[in-house]
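Scroll down for the structure; my scribbles are underneath it.
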Amino acid sequence: MIRFTDVSKVYPNGVRALTDINLTVEEGEFLAIIGLSGAGKSTLLRLINRLIDTTSGAVEVDGMMVNRATGRQLREARRKIGMIFQGFNIVKRMSVLSNVLSGRVAYHPTWRTVLGLFPEPDKQIAYRALQRVDILEKVHARASELSGGQQQRVAIARALAQEPRVMLADEPVASLDPITTVQVMDYLRQINVEDGITTVANLHHVDLALKYATRVVGIRAGRIVYDVPIKGLDRPQFFRDMEQVYGRPIHHDEVLGEA
Amino acid sequence: MEQIVVPKKHNLRRNLTILLVAALIIGSARFAGFSIVGTLSGILRGGRLLGRMFLSPAWSYAPRVVDPLVETIRMSVVGTFIGALVAFPVAVLAAENFIRKPLISRPLRFILNIFRTIPAMVLASLFVAVFGTGAFSGVLALAIFTFGLISKLTFESIEAIDYGQVEALMSLGANQINVLRYAIVPQILPQFLSYTLYGFEVNVRAAAVLGYVGAGGIGQVFEQNLSFRRFDRVGVIIILTFFVVLAIDFVSSAIRRRLV
Ligand SMILES: Nc1ncnc2c1ncn2[C@@H]1O[C@H](COP(=O)(O)OP(=O)(O)O)[C@@H](O)[C@H]1O
Ligand SMILES: [Mg+2]
């Protein structure tokens, strides 16, 4: 579903964020990416929907060379790729419904979406998406009135409204408390399992990766240094492996605990 | 308790500054022909004039002030509206975080800066010379003045938005117009409306004097009465204008407070 071939990324300011990344994510996988802050996790994720450009190599999503797509082609590729963020990034001054409907903009001519004229089937898609994350009762609320966990659920609903094949999550729970963290991760897993949406999530807490992912990739200084399926992996072994990825013992705040 | 002794700050620089400023003031006063005696007699004359304006204003003249006052407000409304309407797209193009075409935004910002430095009064005199006296010239002057003011404030607002919301929209396949509609406009609309109202407040005040150069509105009536030395009528005009401007300021800033 997603394939990186010899991908490197050097930012315009000269920072080398990723080096020689080769990675294939199969359809339906739940991939967790872990690594120190600054290791290149966000960079990797943002190459998948071309929020940033690759410096060299190829990124392929669902058969399309995303790193070469532009204009309409790129927008059509992005339409199939949902993304949620640490800061939620929903539009606070709009209603929950408008936010979720905005997930449909790439399916319609611009004049329609500018006027906010989404057809009834789109509204049904939006309602269903909100129902999936148990927040349908807030459909007419202003997004800014919601708590962090609720805002992230609206963000997930917006991504679901895209009817995506791939879901990207850049530290989706880093701004949430432990209880809402588990809720949001549960929704992500549910969507991954029930809809078969390939999921790639950057996670700060290594035990969340262990609990939710089907495969863990560790990045250190822009290189993949660890790539293991979770199935059959035991906890102590996993934590020993993580110390390799981090180059030091796991910190207290890198484990959520009782997850 | 023991006294703390701090060495005196040496004041050479401050003293030099005071000296320089004093020299500048005196120099320019002389250059402008300022004299104490002249000022005092001026104040006396002014006092007598004020007496004629405000001690017995010609209230019977008030109904004839209404129309030009309404015209002034209308000029401000139309001028503000046109200015704001043009300012919005231009601000979008001038903001450097969205379109990201320095070849467009740089020259645009330069032009906007020039626009903002021209006082409405100067624009009005210019347009009166070109298009003749009347409200049209006034409206045009106000529109351009408002345009300069609002476009600058708005592009600065656009540059201060939460870019995460823009990225989120891009990530789901939105084109730039969609990004504008769903990520930028919701964030800046309250500010934009607030700037527009502020522009309106400024314009009402500016419009009140624009007539002085023949650009329509209450200023024109003011100027006529002044030239006929009808100070009792001038008093009425000033009083009514004052209260209208005050009322508009009051209402408008009350709305603005609720906007942002
Ligand atoms: N827009 C950018 N411009 C320049 N350097 C960047 C940019 N974004 C990230 N970097 C740098 O690239 C490296 C990887 O960053 P990132 O992918 O955000 O890491 P992570 O998500 O693992 O914390 C870091 O050294 C970071 O400072
Ligand atoms: Mg990151």
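The values are calculated or read from the model by the stated rules, or taken from the named source; none is laboratory data. The structure presented is a predicted model; accordingly, all values stated were derived computationally and were not measured. Backbone-built Cβ (ideal geometry, glycine too); neighbour counts: all protein chains shown.
If we scan the range B:204-213, do we find a residue that is assigned by TED's automatic domain parsing to the domain that holds B:Thr72, over 29 Å from B:Val130 (Cα atoms) and under 17 Å from the mean Cα position of the chain (by Cα)? No, the range B:204-213 has no match at all.
Tallying residues that are hydroxyl-bearing (Ser, Thr, Tyr) and within 7 Å of chain A (Cβ to nearest Cβ) within the range B:151-167 yields 0.
Scanning the range B:168-219 for residues that are basic (Lys, Arg) and within 12 Å of another protein chain (Cβ to nearest Cβ) yields a single hit, B:Arg181. For the range A:40-97, what are the residues that are aliphatic (A, V, I, L, M) and facing another protein chain (nearest Cβ under 9 Å)? Within the range A:40-97, A:Leu51, A:Leu74, A:Ala77, A:Ile81, A:Met83, A:Ile84, A:Ile90, A:Val91, A:Met94 meet the criteria.
Looking across the range A:34-80, the residues that are away from ligand 2 (no atom under 16 Å from the Cβ), of a type in the set (Val, Ile, Thr) and over 20 Å from A:Asn13 (Cβ atoms) come down to A:Val59, A:Val61, A:Val66, A:Thr70.
All conditions but one from (1) more than 21 Å from the chain's Cα centre (by Cα); (2) surrounded by 16 or more Cβ atoms within 10 Å (Cβ to Cβ); (3) among the basic types (Lys, Arg) apply to A:Arg112; the one that does not is (2). Counting only helices (runs of 4 or more DSSP H) wholly contained in the range B:53-170, the ones carrying 3 or more residues that are modelled with pLDDT of 90 or more, of a type outside the set (Val, Ile, Thr) and under 17 Å from B:Phe200 (Cβ atoms) occupy B:63-94, B:135-159. Looking at A:Ile125, A:Ile90, just one residue is β-branched (Val, Ile, Thr) and not in a helix (DSSP H, G or I), and that residue is A:Ile90. Note on the range A:194-246: residues that are within 14 Å of ligand 1 (Cβ to nearest atom) and on the phi > 0 side of the Ramachandran plot total 2. When the test is whether a residue is at pLDDT below 95, in the same structural domain as A:Val217 (by TED's automatic domain parsing) and either over 18 Å from the mean Cα position of the chain (by Cα) or within 16 Å of ligand 1 (Cβ to nearest atom) (or both), A:Ala58 does not pass it.
State yes or no: is A:Asp53 under 18 Å from the mean Cα position of the chain (by Cα), in the same structural domain as A:Leu203 (by TED's automatic domain parsing) and loosely packed, with under 15 Cβ neighbours inside 10 Å? Walk me through it before giving the result.
Details: under 18 Å from the mean Cα position of the chain (by Cα): yes; in the same structural domain as A:Leu203 (by TED's automatic domain parsing): yes; loosely packed, with under 15 Cβ neighbours inside 10 Å: yes.
Criteria met by A:Asp53.
Look through B:Ala124, B:Ala91, B:Ala120, B:Ala84 and report the one residue that is under 23 Å from B:Glu223 (Cα atoms), in contact with a Ser or Thr (Cβ under 8 Å, 6 or more places away or on another chain) and more than 14 Å from chain A (Cβ to nearest Cβ). Explain how you work it out, then say what you get.
Details: B:Ala91 fails: under 23 Å from B:Glu223 (Cα atoms); B:Ala120 fails: in contact with a Ser or Thr (Cβ under 8 Å, 6 or more places away or on another chain); B:Ala84 fails: under 23 Å from B:Glu223 (Cα atoms).
That would be B:Ala124, the only listed residue that is under 23 Å from B:Glu223 (Cα atoms), in contact with a Ser or Thr (Cβ under 8 Å, 6 or more places away or on another chain) and more than 14 Å from chain A (Cβ to nearest Cβ).
Considering the range A:1-39, and only residues there that are among the small types (Gly, Ala, Ser), surrounded by 17 or more Cβ atoms within 10 Å (Cβ to Cβ) and near ligand 1 (Cβ under 9 Å from one of its atoms), the residue that is nearest to the other protein chains (Cβ to nearest Cβ) turns out to be A:Ala17.
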